[in-house]
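Values in this text are rule-based calculations from the coordinates and carry no lab data. Remember, predicted model here, so these are calculated numbers, not experimental data. With ideal geometry, Cβ positions are generated from the backbone for all residues, glycine too; neighbour counts draw on all protein chains shown.
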Amino acid sequence: MLASSTLASSPDEYGYRYWCSFCSKSFAKGKRFNAHHGVLNGNGPKYGLFCTVKIFRCKRGSERLCDVEIQKSQKAQELCRSFHIENNMKKIQFVCVVKAHMDEIHTPFFPCSSSWNRPLFRDEWVLLVDFLKNYQWFVGSDGSSPKLSRTRQTLNAFVHYTFHCTSGSLVVCGLQGSVIEGCYVLTTPTIHSVNESYGDTDKGIAGIEEVFRHHRCNSICQDFIIPATAARDYGFDRADAEDSCEELTSEGASEECLLGFDSSRESLLSSRRPVSAAPPAYMDIFNN
């Protein structure tokens, strides 16, 4: 299958830029994005690594739309570092997100007859993120969790911490990604803020209140501040907080499934394949 490609991306967290060749067929679809397998090319340490190309599903991807996604990721990572320091734990990290302008398009991406799909244009911007295996949802954009388990208390505490740390100005939720070697490796989250400054998914104060309708405090977060409406309107009760928080397990995770780059954890890099200036067909790569 022929590959499409981008121009050089914006700098990643280490200042490197990459261009990406990617498969024309999506491997996953969401409400806002179609996801495509890709391979990074360039002079940085991620050269040859698999990535995910995220293409806006319902509208043409603009640089502004990409900037909002990058802003959310950077804000979440900033709060994550603070959470690590204040709570003496390093169990969460967010992958780096960069933007790139399209260069070449091979074959129509989407049949126009499908309400889920649309054509891709050369004037569009797309997002490049590290590829994650065993992808799953942990906390929804409304703060809900699919059967809260003790191994996910850290994530639920982090959601509450983002509200506490910012003095109630925002909350980070919509946490999704993979568990890799005892660490939650997460992609771009949802952020609800008082100023509604984090894109179309930012539901403002209503979104914050909805998160706390579903949130349940545990031993990590029971001393954090809560919205004034939480106790007044729907009986938010810290008495439900768990007495302890078990250690995170990484059952089923392996070194191969990591895809967030951390220079101090070289062994966690995803499988690297030698690629030329024009990488091989991507369906073949992922089926080998």
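Checking the Cα-Cα distances for LYS29/LYS133; LYS59/LYS91; LYS25/LYS133 against a 23 Å cut-off, the pairs over it are LYS59/LYS91.
Please give the peptides 89-96, 171-178, 10-17 ranked by average Cβ packing (other Cβ atoms within 10 Å per residue), highest first, as a rough proxy for protection.
Highest to lowest by the protection proxy: 171-178, 89-96, 10-17.
Computed from label points 7 Å out along Cα-Cβ, the spacing between ASP67 and LEU7 is 1.6 nm.
Scanning residues 5 or more positions from SER24 or on other chains, those with amide H under 5 Å from its amide H are SER4, with H placed 1.01 Å from N in the peptide plane.
Fewest-first ordering of THR162, THR201 by other beta carbons within 10 Å of each residue's beta carbon gives THR201, THR162.
Answer rounded, prolate or oblate for segment 1-131, using the Cα gyration tensor with square roots of eigenvalues a ≥ b ≥ c: rounded when a/c is under 1.5, else prolate when a/b is larger than b/c, else oblate.
Prolate.
The H on the amide N of ARG57, modeled in the peptide plane, is under 5 Å from the matching H of PHE33, ASN34, each at least 5 residues off or on a different chain. What the Cβ-Cβ distance of ILE85 and HIS106 gives, at R0 = 41 Å and to the nearest 0.05, is a FRET efficiency of 0.35.
Taking amide hydrogens as placed 1.01 Å from N in the peptide plane, the amide H of PHE138 sits under 5 Å from those of LEU175, GLN176, GLY177, each at least 5 positions away in sequence or on another chain. Remark: spin-label model distance ASP123-SER219 equals 5.8 nm, labels positioned 7 Å along the Cα→Cβ axis.
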